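A quick write-up on the structure given underneath.
Please treat every number below as a calculation from the coordinates, not as lab data. Computed from a prediction, not measured in an experiment: that's the story for all the values here. Here Cβ is always computed from backbone atoms with ideal geometry, including for glycine, and neighbour counts include all displayed protein chains.
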Amino acid sequence: MANKKPTIVILATGGTIAGSAASALETTGYRAGALGIDVLMEAVPQVREYANVAGEQICGIDSKDMTGALWLRLAERVNELLAKDDVDGIVITHGTDTMEETAYFLQLTVKSDKPVALTGAMRPATAVSADGPMNLLDAVRVSASGESFGKGVLVVMNGEIHGAREVRKADTLSVGAFQSPGGGPLGYVQDGVPAFLHLSLRCHTKESEFDISGITELPYVKVLYGHADDDGLFADAAVSAGAKGIVYAGMGNGSIPAAAEMALEKASSRGVVVVRSTRTGSGAVIASEPSYENAHFLRGDSLSPQKARILLQLALLKTTDLTEIQRMFGEY
Ligand code: ASP
């Protein structure tokens, strides 16, 4: 009988899922990204019941050290693999700290409807009750499922399937660290079976206008965190350092203290694109003070500041037209 199992390529990038500690009792004092893809796959031979799997090591880092250069390399490799007729889906093992950022970068730059699922772990591979093996198995199940086709880039953690646009790491230690504020997970892995309940309606993957082929560097964009007494010093510093864009993680509906607003207005008048975002963790940033509109600050919609940064970086590869960039914030 012909082998009908889908072919899934697992791309390993490091993280706690590949973390190794000195003892099985340690859940923090470990080295992230220490174990290779072969060791991760050996821990869950059951993945082969769902797919023909091949592993590839992209890098072995703690994901706090993720970079734009690595995102470009990863996206290029995912696109290359998914263009092949004999590859049906991708699983990416990744540290949890920046998993949401990598997922959103891929959501905007992967040119395929085939499933891409990121997963990781909150406990190192050497810990008692490590969560990595089950997460990896679930991610393969999701990537191998026809149900996942065309749903955008997915994050599969702790039995939940999250969409790349909304998902965020919302806890420092819990194995249930991931949440999607606003709508919740897109679905769940129920006794091994992926079940979707929601769809992400914003533009992604095949419909995305962003093309990173031939791009070697992303524009320099900084996130500044709003707080009481912000004197605007870091906004000035970002401009002096050559930032092309600034995302301001403001209070509430993207509110900016007066002194910081003055510094950002100066930045905007010099051609730096300023996007108002929010430090609240959920909700959209919409028009509020007329002075923000007069200073041509853009509205970051419901993207977290770290994801607004990614969209602004990709937007700046195409244009500096503020109306165009604001349109993108409404569409992605
Ligand atoms: N620091 C680790 C990382 O992001 C944390 C984890 O993977 O859970 O690589």
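Things worth noting here:
- Taking amide H positions as modeled 1.01 Å from N, with prolines and chain starts lacking one, the residues under 5 Å from Leu298 and 5 or more places away or on another chain are Val274, Val275, Arg276.
- Short-range pairs are left out: with C-alpha atoms under 8 Å and at least six residues apart, the relative contact order of the chain is 14 percent.
- Rounded if a/c under 1.5, otherwise prolate or oblate - the chain, Cα gyration tensor axes: prolate
- Proximal lysines relative to Lys307, as straight alpha-carbon distance under 27 Å, when same-chain residues fewer than 8 apart are discounted: Lys64, Lys111, Lys114, Lys151, Lys169, Lys206, Lys222, Lys244, Lys266, Lys318
- Of all DSSP bridge pairs formed entirely within region 174-260, close to 50 percent run antiparallel.
- Across region 30-38, rounded Karplus estimates of 3J(HN,Hα) from the backbone phi angles (6.51 cos²θ - 1.76 cosθ + 1.60, θ = phi - 60°) give 10, 9, 5, x, 6, 9, x, 4, 4 Hz, Gly and Pro being marked x.
- Principal axis box of region 207-252, alpha-carbon based, largest edge first, Å: 42, 27, 9
- Amide H contacts under 5 Å for Ile10, placed H, 5+ residues apart: Ala54, Gly55, Glu56, Val91
- Computed [θ] at 222 nm, helices only, for the chain once each DSSP H run of length n ≥ 4 contributes -39500 (n - 2.57): -8500 deg cm²/dmol
- Highest-first arrangement of 199-209, 304-314, 266-276, where packing means the average Cβ count within 10 Å: 304-314, 266-276, 199-209
- Sorting 111-121, 39-49, 217-227 by average packing, meaning the other beta carbons within 10 Å per residue, from highest down gives 111-121, 217-227, 39-49.
- Karplus (6.51, -1.76, 1.60) ³J(HN,Hα), θ = phi - 60°, over region 217-234, in Hz, Gly and Pro reported as x: 8, 9, x, 7, 10, 10, 9, 10, 8, x, 7, 4, 6, 4, 9, x, 4, 6
- When the Cα gyration tensor is reduced to axis lengths a ≥ b ≥ c, the ratio a/c is 1.5 or higher for region 1-81, and with a/b not above b/c it is classed as oblate.
- Calculated log₁₀ intensity ratio I(q)/I(0) where the Debye formula runs over C-alpha points of region 44-144, q = 0.10, 0.18, 0.22 Å⁻¹: -0.27, -0.89, -1.30
- Share antiparallel - DSSP beta bridges, the chain, percent rounded to 5: 35
- Charge dipole (Cα centre; +1 on Lys/Arg Cβ, -1 on Asp/Glu Cβ; no other charges) of region 182-332 amounts to roughly 180 debye.
- Dipole moment magnitude, nearest 20 debye, the chain about Cα centre, only Lys, Arg, Asp, Glu C-beta charged: 220
- Residue among Ser23, Gly60, Tyr50 farthest towards the positive dipole end of the chain, charges placed on Cβ: Tyr50
- Dipole-positive endmost among Ala258, Leu199, Ser180 within the chain (Cβ charges, Cα centre): Leu199
- Dipole magnitude of region 150-233 about its Cα centre (Cβ charges: Lys, Arg +1; Asp, Glu -1), debye to nearest 20: 300
- DSSP-defined beta bridges in region 175-332 - what % are antiparallel, rounded to 5: 30
- Placing unit charges on the Cβ atoms of the charged side chains and taking the dipole of region 31-150 about its Cα centre, the candidate lying farthest along the positive direction among Leu72, Pro124, Thr93 is Pro124.
- Cα gyration tensor, region 93-213 - rounded (a/c under 1.5), prolate or oblate: prolate
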